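K.L.:
A single structure is presented below for examination.
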Amino acid sequence: MFRSSNVAARIFERQIRTPAPGTSVHCARLFYENLVPSHTIYDVECPDHSFRKFTEDGHYLISFSRNNQDLIVYRPRWPSFCCKEDNCIHDLPQKAKRFESFFTELYTVSLASNNELICKDMFLYSESNQFGVFVTSTAPLHDAPSSGEAVPGIPSIDKITFHLLRLRDGDTLDKKVFHNDFINLTHNMGVFLYDDLLAIVSLRFQTIHILQIRDSGNLVDVRAIGTFCREDDELFLNSNAQYMPVSDQSQLNHSENDVETRAHQNPLYQNNTLLSGIKQRLLSFVFREIWNEESDDALRIQSLKKKFYFHFQDYVDLIIWKVQFLDRHHLLIKFGSVDGGVRNADQHPAFFAVYNMETTEIVAFYQNSAEELYLFFEMFCDHFHPQSRSSLHMNFISSHSNNIYAFEQLRGIKKKAIFTQFVKKMLGSLPFSCQSRSPSPYFDQSLFRYDEKLISATDRHRQSTDHPIKFITRRQPYTLKFKIKTGPEAGSADSRTKKISSFLFHPFLPLALSIQQTVFSQPSINIHFRK
């Protein structure tokens, strides 16, 4: 910890003092208290694009054209200009106030074709920042008829295309196309990228597609989890069905087993004779957990009647909502009702399962009100945000399990709320959306304090305010270091219009974009930087 807040004194102290082991990066990040965005250019002249985010290495700014047809990639750069006067303290010249002074366009790529549009809420970059994953799709059909193994009540999209691009030059290296399917692409909800593994959730066909991004730039199918869990499950069932006697096949189709009979009557599976592989794994795990709760057989049967058979149809009706990687072998899967999969999931009961892809087993199962799962979430929140060890900046994002200030804030909210409702609300954010948080040091809660109702590291639109967002140091004397305001100091002419703001912070430079927009007007873009 530096003794002085003066930047020159800190540099000198860094030369003569060695930080404690394992704290060198944290000591270096303290310099961001001195290097803050101190100047703002309001309503910058810039192209009419929809700006998405910076990549983690800070080399690229991703944006899309307003017609959602083209991808435009920029490279951030610092403005430079000449000043003829000796004392150069006046305002920036007009040339330096343009968007082109801060960003250089690298290329424009036309991704969408025919009746497809770019899904501007969906963008993922690979661990090495070499590749980017983009999606184009046609318009969804909400009253699509169910056919085959499709789940009734889920919309259908005629064509969804995943594009793998090399970010350096914009070359399209590979594509993966899904037909007559539905994938929730809002805020990357239906997609998760961990290292080189890409998980895609098909809501319509209840399948988790695991793909691998090879260094050669290819998307390779690794496995599909849903109807089948192992690669040879389908071959095994088909081969056994071929040589099964007719009487045995009749028994298979009209099984006396309670599990299969109720599943056959369920409209979700009326076209299948068996439950899906992932659903069978889930029911087996629930059955064994209830069975092992009691040692007496009579009590076991009574417990199974109350906890398993009575709720059997509820378990069968569950569908996969969302998925995330916990590591390379385990998935956190969120189950719920059909309505919660396409609408507001917070209003519907949900369950969480931890699935081992190698053994194809469910290793844990919780309801969204489980205190045990919440305790795991509170103590080990970073484990629900899996990051590569080679990540430069993502490992320093604040959470209540690695930051005392965030933990105190969470504890204060917990004291004021009803505990059961609080647990459901906190667990409602699981599984986390992939790459949804900014690694900017200005969101580091050990360095700065700010109003999280107005701005946070999470990538979300927020209601705009006429008051500036203040960033105050955590160290005494708790000085105001800088302010972010989405509009001019004079304020807006029409304060009654509802405005939405979004913020794009560079991962390590004192540079940020604030975007303010209304329903009926063009967005206003401001650039905040260190002058």
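The values are calculated or read from the model by the stated rules, or taken from the named source; none is laboratory data. Note that the coordinates shown come from a computational prediction; the quantities given were computed from them, not determined experimentally. Quick reminder, even Gly has a Cβ in these numbers, built from the backbone with ideal geometry, and neighbours come from all protein chains shown. Heads up: the accessible areas ignore ligands, DNA and RNA and are worked out on the full protein's heavy atoms, side chains in. Shrake-Rupley method; radii C 1.70, N 1.55, O 1.52, S 1.80 Å.
K.L.:
Checking the condition modelled with pLDDT under 95, open to solvent by 80 Å² or more (accessible area, probe 1.4 Å) and farther than 29 Å from PRO152 by Cβ, which residue from ARG328, ARG343 passes?
P.N.:
From the options ARG328, ARG343, the qualifying one is ARG328.
K.L.:
Test SER398 against the criterion of being farther than 30 Å from THR23 by Cα and either touching a residue at least 24 places away in the same chain (Cβ under 8 Å) or hydrophobic (A, V, I, L, M, F, W, C) (or both), and give yes or no.
P.N.:
no
K.L.:
Inside region 346-356, can you point out the residues that are modelled with pLDDT of 95 or more and either aliphatic (A, V, I, L, M) or in a loop (DSSP other than H, G, I, E, B) (or both)?
P.N.:
ALA353, VAL354
K.L.:
Could you check how many residues of region 362-408 are among the charged types (D, E, K, R) and surrounded by fewer than 14 Cβ atoms within 10 Å (Cβ to Cβ)?
P.N.:
4
K.L.:
Considering ALA144, ALA139, ALA199, which residue is surrounded by fewer than 16 Cβ atoms within 10 Å (Cβ to Cβ), in contact with a strand residue (DSSP E or B) (Cβ under 8 Å, 6 or more places away or on another chain), small (Gly, Ala, Ser) and under 22 Å from CYS119 (Cα atoms)?
P.N.:
Unique residue meeting the criteria: ALA139.
So that you can scan it fast, the table gives a plain yes or no per residue for (1) touching a strand residue (DSSP E or B) at 6+ places or on another chain (Cβ under 8 Å); (2) not in a strand (DSSP E or B):
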| site | (1), (2) |
| --- | --- |
| PHE422 | no, yes |
| PHE432 | yes, yes |
| GLU452 | no, yes |
| ARG475 | no, yes |
| LYS481 | yes, no |
| LYS498 | yes, yes |
| PHE503 | yes, no |
| GLN516 | yes, no |
| ILE525 | yes, no |
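K.L.:
Could you list all residues from region 283-313 that are open to solvent by 90 Å² or more (accessible area, probe 1.4 Å) and under 19 Å from PHE351 (Cα atoms)?
P.N.:
ARG288, GLU289, LYS306, LYS307, PHE310
K.L.:
Next question, about the same structure. Within the group ARG437, ARG411, which residue is surrounded by 15 or more Cβ atoms within 10 Å (Cβ to Cβ) and among the basic types (Lys, Arg)?
P.N.:
Result of the check over ARG437, ARG411: ARG437.
K.L.:
If I filter region 160-174 for residues that are over 26 Å from THR108 (Cα atoms), open to solvent by less than 20 Å² (accessible area, probe 1.4 Å) and among the β-branched types (Val, Ile, Thr), do I get at least one hit?
P.N.:
So far as region 160-174 goes, no, none of its residues is over 26 Å from THR108 (Cα atoms), open to solvent by less than 20 Å² (accessible area, probe 1.4 Å) and among the β-branched types (Val, Ile, Thr).
K.L.:
Further question: Test of understanding: among LEU282, LEU268, LEU235, which residue is modelled with pLDDT under 90, within 23 Å of VAL151 (Cβ to Cβ) and assigned to a helix (DSSP H, G or I)?
P.N.:
None of the other options fit; the residue is LEU268.
K.L.:
Quick check on THR465: is it modelled with pLDDT under 90, within 20 Å of LEU504 (Cβ to Cβ) and open to solvent by 30 Å² or more (accessible area, probe 1.4 Å)?
P.N.:
Criteria met by THR465.
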